[in-house]
């Protein structure tokens, strides 16, 4: 009987303390200890490659950066794009609606906007 009384008292004490423990954490909503959690700044992830595509239109004689001479920009089917055949060693690349005839060194030989 004595054990049951002690066990009941212990359970009542624990059940009274559990709600307090759940409220022990502050109400400042800083649960992860990051001090900028509630800051509502506009954070913009800038895709720099897309930025450069929008900003650049190269002219004849300018050098196109190597990242735009990658396979994803090279136009192999130049006929379908109504482009002139490239001279030996040169190739067409397409960037942001423009077509550039480029030497292997990256120097622009010709520019066609919109095909």
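At a glance:
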{"item": "Residues located in region 68-82, provided they are in contact with a helix residue (DSSP H, G or I) (Cβ under 9 Å, 6 or more places away or on another chain) and modelled with pLDDT of 90 or more", "result": "73"}
{"item": "Of all residues in region 62-80 being assigned to a loop (DSSP other than H, G, I, E, B) and touching a residue at least 40 places away in the same chain (Cβ under 8 Å), the one that is surrounded by the fewest Cβ atoms within 10 Å (Cβ to Cβ)", "result": "65"}
{"item": "Whichever residue in region 83-115 is in contact with a strand residue (DSSP E or B) (Cβ under 9 Å, 6 or more places away or on another chain), at pLDDT below 90 and part of a loop (DSSP other than H, G, I, E, B) and, among such residues, is surrounded by the fewest Cβ atoms within 10 Å (Cβ to Cβ)", "result": "114"}
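The values are calculated or read from the model by the stated rules, or taken from the named source; none is laboratory data. Remember, it's a predicted structure, so these values are computed and weren't measured experimentally. When we count neighbours, we look across all protein chains shown, and the Cβ atoms used for this are built from the backbone with ideal geometry, even at glycine.
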